[in-house]
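Remarks on the structure that follows.
The values are calculated or read from the model by the stated rules, or taken from the named source; none is laboratory data. Because the structure is predicted, anything quoted here is derived from the model rather than measured. All Cβ positions, even for glycine, are placed from backbone atoms using ideal geometry, and neighbour counts span all protein chains on display. Surface areas here come from the heavy atoms of the whole protein model, side chains and all, with no ligands, DNA or RNA. Shrake-Rupley method; radii C 1.70, N 1.55, O 1.52, S 1.80 Å.
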Amino acid sequence: MKRVLRSMVIATTVLAVMASPATAIAAPQKADRLELQRRLNDVVAAGTVGALAEVRDPHGIWQGASGVAELGTARAVPIDGRVRVGSITKTFIATVVLQLVGEGRLRLGDTVESRLPGVVPDGHRLTVRHLLNHTSGLFDYQSTLPMPPKPEFLGNRWRSWTPAELIQRAVANPPTSDQPGVAYAYSNTNYVLLGQIIEEVTGRPYGKEIERRIIQPLRLRGTAVPGTSSKIRGPHPHGYVPTQRDGKMELLDYARMNPSVFGAAGEIISTTTDLNRFFAALLGGRLLPQHLLTEMKTPGVKGGSYGLGLAWRDTACGIRVYGNDGGTLAYQSWSFSTEDRRHQVTVALTPNFRSEYAVVFAAVDALLNKALCA
């Protein structure tokens, strides 16, 4: 572990800015871009191997990277790097579900039992809406899986999981709420079920529906739904997980792994550019009619900050922004936009597990606030 940490101390910081030549940037704007890069460097200094970001605002598009793409090298983090975006996948899934609602092929009030008979206990009490806004009370299957640095975690690295296996792990545990619809409890099980419902309604895997309805129309060339494929195709930073070997903690390159363990709850691979494009299209009404976008922005519980697959937060300057965040241990991502889409930011990083998550997240928050409050 000490050798790995030394590699991080000497890691080279890489700067990459928007395509416009620097000489064309007015002095205040250039200072603003330099400040964004400084904040991104702070994210790496807080405890990450590498980080990349894209900011879109009235001045144009800025892209930045910091840290290294791979431990033990000085290789720059690719500006257009692909990362595993984790729970941002849920916004893609929710968009497809709501498109099916708009087409009259599904209703938010449909029960799980009516769509997936016998799959979950008391499925007649759970609705599509409950799954989307995490008020179903279903236990989160990910809480039943071994996590690093446990050796058992690595035993699942290449395993192909079926949705049925993941759901069974969840329903073997009691629900987190006695009554659906009254309490928010984040559960990846909800979105594994929604992936199955998409397949039941359309006759096609949810990944194919995401490709057909979102990826292809928006030309998201760096976005993929990999299924059981372990590769990240295209340029990408390497992600790591902590492991214990011979009594010592080390970082293991975990860029390659079987993402079926995340499934419809978190398997998508994407880029900062594609995520900004996706959320701009979503919030701009290109993917859903206004009444369903309004449903998406409606909290599942009073005072909540999560609707139907869409989250929101208030920035330091009091502006509400919409989007989502996600993590897959080796990668963490955030993508948020103002409602008018004039300011957008997507950040992705690869943790080095030297610091508490709170320290890294505070640095990310500072970058998000800088980008969205400009």
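In a shell of Cβ-Cβ distance under 10 Å around Glu113, excluding Glu113 itself, what net charge do Lys and Arg (+1) and Asp and Glu (-1) give?
0
How do the peptides 193-202, 361-370 rank, highest first, by the average count of neighbouring beta carbon atoms within 10 Å per residue? Kindly include the intermediate steps, with their values, before the conclusion.
Working: 193-202: 21.5, 361-370: 19.9.
Answer by packing, highest mean first, reads 193-202, 361-370.
Let me check I've understood the local charge: for Asn190, count other residues with C-beta under 9 angstrom from its C-beta, Lys and Arg +1, Asp and Glu -1. What total comes out?
Value of the local net charge: 0.
At R0 = 56 Å, how high is the FRET efficiency between Thr228 and Lys302 if r is their beta carbon distance? Nearest 0.05 is fine.
Efficiency, rounded to the nearest 0.05: 0.90.
Ranked highest first by the average count of other Cβ atoms within 10 Å around their residues, in what order do 206-219, 63-76 fall?
Output ranking for 206-219, 63-76: 63-76, 206-219.
With all protein chains present, how much of the accessible area of the range 62-191 (probe radius 1.4 Å) comes from carbon and sulfur, to the nearest whole percent?
Roughly 53 percent, rounded to a whole number.
Taking the Cα-to-Cβ direction at Arg105 and at Lys30 and moving 7 Å from each Cα, how far apart do the two end points lie in nm?
Label-label distance for Arg105 and Lys30, simple model: 5.3 nm.
Could you calculate the contour length gain from Arg342 to Tyr357, that is, 0.36 nm times the residue separation minus the distance between their Cα atoms, to one decimal place in nm?
Between Arg342 and Tyr357, full extension yields 2.5 nm more.
Ranking request for peptides 296-304, 29-37: highest mean number of other beta-carbon atoms within 10 Å first, then the rest in descending order.
With the highest mean Cβ count within 10 Å placed first, the list reads 29-37, 296-304.
Need the C-alpha centroid separation for the range 113-128 versus the range 321-366, integer Å.
Each part's Cα centre sits 34 Å from the other's.
If you count only protein heavy atoms with a 1.4 Å probe, what accessible area per residue comes out for the chain, rounded to a whole Å²? Don't jump to the answer; show the numbers that get you there.
Values: 15490 Å² over 374 residues.
With the other protein chains kept in place, the chain gives 41 Å² per residue.
Roughly what percent of Cα-Cα pairs across the range 117-224 reach past 23 Å?
39
Can you pull the percent of the range 233-346's accessible area that's carbon plus sulfur, 1.4 Å probe, other chains left in place?
For the range 233-346, the apolar C and S fraction of the accessible surface comes to 46 percent.
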